[in-house]
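*Asks:* Quick one: the structure is below, questions incoming.
Readers should treat all values here as calculations from the given coordinates under stated rules, not as data from a laboratory. It should be emphasised that the depicted structure is a prediction, and the values quoted were computed from it without experimental measurement. Virtual Cβ from ideal backbone geometry, glycine too; neighbours counted across all protein chains shown.
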Amino acid sequence: MDTTEVILSVLVVVIIIVSLLSNVLVLVCFLYNPEIRKQVPGLFNLNLTFCNLLLTVSNMPLTLVGLVSKTQPGGDGFCQSVGFLETFLSTNSMLSMAALSIDRWIAVVFPLRYHSKMRHKDAAFALGYTWAHSMSFSTVATCLSWVGYHRLYASCTLANPRASSRTQFVIFTVFFHSFTFLLSFIVLCVTYLKVLKVARFHCKRIDVITMQTLVLLVDIHPSVRQRCLEEQRRRRQRATRKISTFIGTFMLCFAPYVITRIVELFPAVPINPHWGIVSKCLAYSKAACDPFVYSLLRHQYRKTCSDIINRLLKRGSLNTSGRGQDNQVNSIPTVE
């Protein structure tokens, strides 16, 4: 292994560790907090976490094995099963992010009708579509033997070793990425930009009211006025930063891999083998980013994590004090 491959191997290991720990933490928060379970977005987050965890424990380690050994991990049947799972989980993850963006759009644009428009059965219907969509593409690819070990990505994924069905594989690949990555990206952009528009409108109204109040309070201290103006600026930037994070991480992680898969369809265009692994690592890194982007940085999840830690520390301190009292009792001399 050369230096680049060693660095990429270490990168895959880091992604596996971060993805596993963060997604397990999201799952623990979901199971611990009943309020999170009651919320409709919690179902989408649970599905996204489930896909990320399966991808972390099934596909990422095998990619690491393929990168280190430079050979196919397992037999053809095993590799096809793993490739089917990888296609299904990656597609399901993208569509889950699109579903989350639709949920946020309804909550912000139609706040008074949110509970009637987005109920648990509506969320279940949306998740049913994501599963049916993901299952259909992955099943077709597996039945047509378009899933196997791909040396460029050192993983079991979409691959067509036969030249006889190249045209069909090209059409399938274009349709697959158009109805997964491109569709999800369009939904993310449309919904979140509308959310940003509404958020800026509300911020503008709040700013007008704040400025009118500051004008009326002529005796207000300059430092207080300055803090109010800074809070206005931070409020405007906060909405833009959140939307940019949602769309930016999606594009940064998935776009290089999808573009590489499309360019790969043209044999005349050479692709650096190291770049193939890098693009795959970027796609895997989305599983490590999602828990922070969609869950762990939110106040409700942070509070739940804090409650869990405090409960564990309190239980540990009680156990320690209990053992200390037992030791004191045992150390008291007895008269025989």
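*Asks:* Please compute the net charge surrounding Thr56, taking Lys and Arg as +1 and Asp and Glu as -1 over other residues with Cβ under 15 Å from its Cβ.
*Replies:* Values: positive: Lys280, Lys286; negative: Glu86, Asp290.
For residues surrounding Thr56, the net value is 0.
*Asks:* Sort 106-119, 58-71 by packing, meaning the average of other beta carbons within 10 Å per residue, with the highest value first.
*Replies:* 58-71, 106-119
*Asks:* By the scheme Lys and Arg +1, Asp and Glu -1, what is the net charge of all other residues having a beta-carbon under 15 Å from that of Phe181? Walk me through the numbers on the way to the answer.
*Replies:* Details: positive: Arg261, Lys280, Lys286; negative: Glu86, Glu264.
Value of the local net charge: +1.
*Asks:* With a sphere of radius 13 Å drawn around the Cβ of Val258, what net charge do the other residues whose Cβ falls strictly inside it have (Lys, Arg +1; Asp, Glu -1)? Walk me through the intermediate numbers first.
*Replies:* Working: positive: Arg261, Lys280, Lys286; negative: Glu264.
Combined, the nearby Lys, Arg, Asp and Glu give +2.
*Asks:* Efficiency by 1/(1 + (r/R0)^6): what FRET value for Ser145 and Leu112, r their Cβ-Cβ distance, R0 = 51 Å, to the nearest 0.05? Before the final figure, lay out the partial values.
*Replies:* Numbers: r = 52 Å, r/R0 = 1.02.
FRET efficiency, Ser145 to Leu112: 0.45.
*Asks:* How far apart, in nanometres, would the label points at Glu35 and Phe50 be if each is projected 7 angstrom from Cα along the Cα-to-Cβ direction?
*Replies:* In this crude label model, Glu35 to Phe50 measures out at 2.5 nm.
*Asks:* Another question about this same structure. May I ask you to list the residues of the range 249-293 whose amide nitrogen lies under 19 Å from a point 7 Å from Cα along the Cα→beta-carbon direction of Thr167?
*Replies:* Residues passing the 19 Å test: 265-268.
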